[in-house]
1. Kindly indicate whether Gly65 is surrounded by 12 or more Cβ atoms within 10 Å (Cβ to Cβ) and in a helix (DSSP H, G or I).
2. Among Gly46, Gly53, which is among the small types (Gly, Ala, Ser), farther than 21 Å from Phe138 by Cβ and touching a Gly at 6+ places or on another chain (Cβ under 7 Å)?
3. Here is a list: Leu95, Leu100. Which entry is within 26 Å of Gly164 (Cα to Cα), in a loop (DSSP other than H, G, I, E, B) and of a type in the set (A, V, I, L, M, F, W, C)?
4. Given the structure, is Ser88 more than 20 Å from Phe187 (Cβ to Cβ), modelled with pLDDT under 90 and of a type in the set (Ser, Thr, Tyr)?
5. Take Ala254 and tell me if it is modelled with pLDDT of 95 or more and either aromatic (Phe, Trp, Tyr) or surrounded by 14 or more Cβ atoms within 10 Å (Cβ to Cβ) (or both).
6. Restricting attention to the stretch 228-248, and to residues there that are part of a strand (DSSP E or B) and not charged (D, E, K, R), which single residue is surrounded by the most Cβ atoms within 10 Å (Cβ to Cβ)?
Amino acid sequence: MTDGRHHMDSLLMRESLIDKDLIAATDDQTPLVRMLPEAHVLKIGGGSVIDRGRSVLMPVAEALGKILASEKLILGTGGGLRSRHVFSIGLDLGLPTGALAQLAIADALGNAHILGALLAPHGVVAIPPEIFGHLLPFFIRAAPGVIFNGDPPYSIWEHPPGLGRIPPHRTDAGSYLTAECFGCKTFTLVKDVDGLYTADPKKDSSAELIRSISVEELQQRQLATLPFDEVLLDLLSRGRLVRRVQLINGEKPALIAAAIAGEHVGTMIYAD
């Protein structure tokens, strides 16, 4: 340069980062790096598994303990009934979405510590949110697995929902984002149903199990209710490294190892 300054020649130099053509051009790059390609992410349901107490949670913990002997696990937990109670109080008080999201993090973290206590004999404990994202590769190398509260770290910066004030990015979404951002091997939702149904099977005996479905088809069906965060479908459709999720029944803990091994034992939801 004539003024003596040195400039780095790059695609983004002096360009607007809101230019659509420029942003589209960033897809034409070398393959993305998978930071934790051998780790598996599982979301353990709060209301569907942990809140059910000893009869459901202990067999799940036992199954996870056996898997930890050979596989690296990243376990996200939900907040369960306590989060719903907090949401109810917060809504009654007029709290905004960001404040509700911050409160939900504490409930999910409590369940993370419960699961961490059960898996402590295997060297697995709950990791505080403040250091989880920064030190996850270190922890997963040093231990067979880690546990975290599944909420994404949006906190008071949570995205405004299209309807109501309940935070749209909850623990299902946060656990998926962990799998996607770190390029993990699989992502599994462990709930209390055999998979995705055409209707709520607890309320409609005629509901039919959907064994496999694409994100696009599922969005087109516009089911009245889903057993996971609805925003997960949008995230999955935009994912680069994790393009499918399997929903399995935690009341059948033997399915957890099968799902991690790649077997189709629940409902598979995939991006086209």
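The values are calculated or read from the model by the stated rules, or taken from the named source; none is laboratory data. In this text, all values refer to a predicted model and were calculated from it rather than measured experimentally. As a convention, Cβ positions derive from the backbone with ideal geometry for all residues, glycine included, and neighbour counts pool all protein chains shown.
1. Values: surrounded by 12 or more Cβ atoms within 10 Å (Cβ to Cβ): yes; in a helix (DSSP H, G or I): yes.
Criteria met by Gly65.
2. Working: Gly53 fails: touching a Gly at 6+ places or on another chain (Cβ under 7 Å).
That would be Gly46, the only listed residue that is among the small types (Gly, Ala, Ser), farther than 21 Å from Phe138 by Cβ and touching a Gly at 6+ places or on another chain (Cβ under 7 Å).
3. Leu95
4. Numbers: more than 20 Å from Phe187 (Cβ to Cβ): yes; modelled with pLDDT under 90: no; of a type in the set (Ser, Thr, Tyr): yes.
Criteria not met by Ser88.
5. In short, no.
6. Val245
For every residue, the table says whether it meets (1) among the hydroxyl-bearing types (Ser, Thr, Tyr); (2) closer than 24 Å to Pro31 by Cβ; (3) surrounded by fewer than 20 Cβ atoms within 10 Å (Cβ to Cβ); (4) out of contact with any Phe, Trp or Tyr (no Cβ under 7 Å at 6 or more places or on another chain).
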| residue | (1), (2), (3), (4) |
| --- | --- |
| Pro160 | no, no, yes, yes |
| Phe182 | no, yes, no, yes |
| Lys185 | no, yes, yes, yes |
| Asp192 | no, no, yes, yes |
| Arg211 | no, no, yes, yes |
| Ala259 | no, no, no, yes |
| Gly262 | no, yes, yes, yes |
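The rows are residues; the columns are (1) among the acidic types (Asp, Glu); (2) crowded, with 19+ Cβ neighbours inside 10 Å; (3) at pLDDT 95 or above; (4) under 18 Å from the mean Cα position of the chain (by Cα).
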{"position": "Ala112", "(1), (2), (3), (4)": "no, yes, yes, yes"}
{"position": "Glu130", "(1), (2), (3), (4)": "yes, no, no, yes"}
{"position": "Leu136", "(1), (2), (3), (4)": "no, yes, yes, yes"}
{"position": "Pro144", "(1), (2), (3), (4)": "no, no, yes, no"}
{"position": "Phe148", "(1), (2), (3), (4)": "no, yes, yes, yes"}
{"position": "Ser155", "(1), (2), (3), (4)": "no, no, no, yes"}
{"position": "His169", "(1), (2), (3), (4)": "no, yes, yes, yes"}
{"position": "Asp172", "(1), (2), (3), (4)": "yes, yes, yes, yes"}
